[in-house]
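Notes to accompany the following structure.
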Amino acid sequence: MILFLATCTTLAFLVVPIAAIFLRIPPGDLFAALGSDVARDALIVTFETTVVAQALIIAFGTPTAYLLATRTFPGRNLAITLVELPLVLPPAVAGIGLLVTFGRLGLLGSSLSALGVEVAFTKIAVVLAVVFVAGPFYIRTGVASFGEVDSTLTDAARTLGAGPARTFGRVALPLALSGLTAGAALSFARGIGEFGATIMFAGSLQGVTQTLSLAVYEQFDVDFDTALAIGALLVVVSAAVLLPVKLIPSWRRSPSLFPTVSATSASS
Amino acid sequence: MASLALTLSHGLRDVRLELTLEVGSETVALVGPSGAGKSSVLRAIAGLLRPDVGRIALDGTAWLDTVRGIDAPPENRSVGLVFQEYALFPHLSVRANVAFGATSAGLVDEVLERLRIGGLARERPAQLSGGERQRVALARAIAREPAVLLLDEPLSALDAHTRDAVRGELRDLLASLRLPTILVTHDFEDAASLADRVGVMVEGRLLQVGTASALGAAPADPFVARFTGATLLHGVAEPGRDGLTRVVLDVGGVAWTTDVGVGRVAVAVHPWEVAVSRTAPEDATVNHIAAPSDPLGTIGNRVRIRGGPLAGETTTGSVERLGLREGETVVASFKATAARLIQLA
């Protein structure tokens, strides 16, 4: 009985604030508010930067995760710890770190500036902030997913004539796919919600660096309905991200008796 | 005639693998207890384990030569390795599994038919029984048209019933392939029925290699004798009458053997050479050991009985005729020609 009450309270606490966003104003008005310039610009900025950021995360994160999961080398644990560091870092610290690296007077920024490339307060900055903050979610899950692929299966592929690339593409990748998808969803969700690092490193310039999350904060003072509408949109997008993760079957164990449906890789 | 030659030296976790072996177009079984390094030999040949020192060559072409710095990756060694748990790709159909390393699409169908799994082509490994998985694993290895076949405990994952059927099929298949084949097993009977030659491996070393009957007839080592199913009686040997060797047994009594030896020895006797009765029989047997009986179980129409230190056999009929009961004194008898002498250090 106590368990039941505690569970109900927990669920209510988690669901009511989300439902409240949709209940405050009629759905029609909510939809209309999305037509405002601010909302539209934020949507475009978010879409552009998210696509580029997630593409970079997957392109660099997948091989990184595969290497960290399948090779043993000195410094491997250190490398994994470095990947995990941004996960626990306060976003404001990430923002200031990126600023002193890529900012005009930063470590690399001064050289880039001399080449005519400005990073801070541009869309590039938004992308870098998202990659820095959300990328580790993908890599961490990826290391666990590749780590759970039975090494006798990749060994079998090698003895059947497949080189390292074909072994990766035909065996390791398909078997780790459910975990990688879960990792990509986590990193996507974290990227969409990115706020602290972005506002410090990229600012909140409408149509340039103002993402949906930043727009909610900006519109909060100006036009509460628009802020609510963007919030509602983010709820829908986030919920949509969870779905594919729940639907992809997992092949993690090699003599798997039944293909199981699981969301995230629990252990590494 | 194809020939695989290997010389390996490699430090495993507990033991050091030291082994030299040449395999022609025949099946060689490596038998021994777990931890003897049998599977590591297969992994080294397949290129999945790099030995500290060694050379592995097929028909004179080196796959591995640590002295000359040659180490071909697994995909460049023409090896069909059947893993102990089969290692079928769970995300691929039976057909796709077999086609993974196949040299041609036509060969896939041929191999599927040959191993009678054509009807399962679209199934996933998870839907298959143990015997079916084993056939798929074999088909997958063969479809690669390997020059060398390696089988790691091919029967151990099967239940007793399936095991007998698969053992027969496997023997026919190996006979028709005529490839240099190395088979790893911990079961001497599997080795004896599947292989042309059997190598007994203990703690990383090959103690003896030969046909199964040769190992039984002339075991070079107490472990080999025990592995072939013999019982060992320890004692001290000295020359005796009629050119026989007389062994004073540690357990008491004397055993006679036609083998020659002096000093510390082990006398190896197989249960099927030992007759069990109530009193010493009036026949050619010269060795009689009287001890309390302890029935060990029935094998077909034979009953295995332990008489003191010896395991012997008699028919189920004579057990009833003799009215043998547990704990009663019986006499275990065997001929001097059936007693193999193993010299101990």
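The values are calculated or read from the model by the stated rules, or taken from the named source; none is laboratory data. As the structure is a computational prediction, the values presented were derived from the model and not from experiment. Positions of Cβ are generated from backbone atoms using ideal geometry, with glycine treated the same way; all protein chains shown enter the neighbour counts. Please note that ligands, DNA and RNA were not included when accessible areas were found on the heavy atoms of the full protein model with its side chains. Shrake-Rupley method; radii C 1.70, N 1.55, O 1.52, S 1.80 Å.
Of all residues in the range B:222-238, those satisfying the criterion of being open to solvent by 40 Å² or more (accessible area, probe 1.4 Å) and under 23 Å from B:Leu19 (Cα atoms) are B:Phe223, B:Arg226, B:Phe227.
Hey, any hits in the range B:168-178 for a residue that's at the interface with chain A (Cβ under 9 Å from one of its Cβ atoms) and open to solvent by 20 Å² or more (accessible area, probe 1.4 Å)? No, the range B:168-178 contains no residue that is at the interface with chain A (Cβ under 9 Å from one of its Cβ atoms) and open to solvent by 20 Å² or more (accessible area, probe 1.4 Å).
Of the helices (runs of 4 or more DSSP H) contained entirely in the range A:131-216, those carrying at least 3 residues that are at pLDDT below 95 and either within 14 Å of another protein chain (Cβ to nearest Cβ) or surrounded by fewer than 21 Cβ atoms within 10 Å (Cβ to Cβ) (or both) fall at A:173-192.
Residues that are of a type in the set (D, E, K, R), under 29 Å from B:Gln208 (Cβ atoms) and either modelled with pLDDT of 95 or more or part of a helix (DSSP H, G or I) (or both) do not occur anywhere in the range B:113-123. Picking from residues in the range B:73-98 that are in a loop (DSSP other than H, G, I, E, B) and small (Gly, Ala, Ser), the one that is least open to solvent (accessible area, probe 1.4 Å) is B:Ala87. If you go through the range A:29-43 and keep only what is part of a helix (DSSP H, G or I), within 24 Å of the chain's Cα centre (by Cα) and not β-branched (Val, Ile, Thr), you end up with A:Ala39, A:Arg40, A:Asp41, A:Ala42, A:Leu43. For B:Ala126, the criteria (1) in contact with a Ser or Thr (Cβ under 6 Å, 6 or more places away or on another chain); (2) closer than 17 Å to B:Thr185 by Cα; (3) surrounded by fewer than 18 Cβ atoms within 10 Å (Cβ to Cβ); (4) not hydroxyl-bearing (Ser, Thr, Tyr) hold in every case but one, which is (2). Taking the condition out of contact with any strand residue (DSSP E or B) (no Cβ under 7 Å at 6 or more places or on another chain) and of a type outside the set (A, V, I, L, M), does B:Phe100 pass? The answer is yes for B:Phe100.
Would you please name the residue that is farthest from A:Val127 (Cα to Cα), looking only at residues in the range A:52-109 that are of a type in the set (S, T, N, Q) and loosely packed, with under 13 Cβ neighbours inside 10 Å? This residue is A:Thr72. Among the residues examined, A:Thr81 qualifies as of a type in the set (Ser, Thr, Tyr) and over 23 Å from A:Gln210 (Cα atoms).
Annotation note: Cβ proximity below 9 Å between a residue of the range B:73-93 that is more than 8 Å from every other protein chain (Cβ to nearest Cβ) and a residue that is acidic (Asp, Glu) and buried (at least 19 other Cβ atoms within 10 Å of the Cβ) (sequence gap 6+ or interchain) occurs for B:Val82/B:Asp152; B:Gln84/B:Asp152; B:Gln84/B:Glu153. Taking the range B:18-65 as the range and being in contact (Cβ under 8 Å) with a residue 40 or more places away in the chain and β-branched (Val, Ile, Thr) as the test, the residues that pass are B:Thr20, B:Val23, B:Thr27, B:Val28, B:Val31, B:Val41, B:Ile45, B:Val53, B:Ile56. Among the conditions (1) touching a residue at least 40 places away in the same chain (Cβ under 8 Å); (2) of a type in the set (A, V, I, L, M, F, W, C); (3) in contact with a Leu (Cβ under 7 Å, 6 or more places away or on another chain); (4) surrounded by fewer than 23 Cβ atoms within 10 Å (Cβ to Cβ), B:Leu12 misses just one, which is (3). Here B:Gly101 fulfils each of the conditions (1) within 13 Å of chain A (Cβ to nearest Cβ); (2) assigned to a helix (DSSP H, G or I); (3) more than 25 Å from B:Ala165 (Cβ to Cβ) apart from (2). Looking only at residues of the range B:306-345 that are of a type in the set (A, V, I, L, M, F, W, C) and modelled with pLDDT under 80, we find that the one that is surrounded by the fewest Cβ atoms within 10 Å (Cβ to Cβ) is B:Ala345.
Here is a yes/no grid of residues against (1) in contact with a helix residue (DSSP H, G or I) (Cβ under 8 Å, 6 or more places away or on another chain); (2) within 14 Å of chain A (Cβ to nearest Cβ):
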{"position": "B:Ile117", "(1), (2)": "yes, no"}
{"position": "B:Leu128", "(1), (2)": "yes, yes"}
{"position": "B:Ala147", "(1), (2)": "no, yes"}
{"position": "B:Asp152", "(1), (2)": "yes, yes"}
{"position": "B:Leu158", "(1), (2)": "yes, yes"}
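Might you let me know whether the range B:138-158 holds any residue that is open to solvent by 40 Å² or more (accessible area, probe 1.4 Å), over 23 Å from the mean Cα position of the chain (by Cα) and over 26 Å from B:Leu21 (Cα atoms)? No. Considering the range B:33-72, the residues that are of a type outside the set (D, E, K, R), in a helix (DSSP H, G or I) and within 14 Å of chain A (Cβ to nearest Cβ) include one that is surrounded by the fewest Cβ atoms within 10 Å (Cβ to Cβ), namely B:Ser39.
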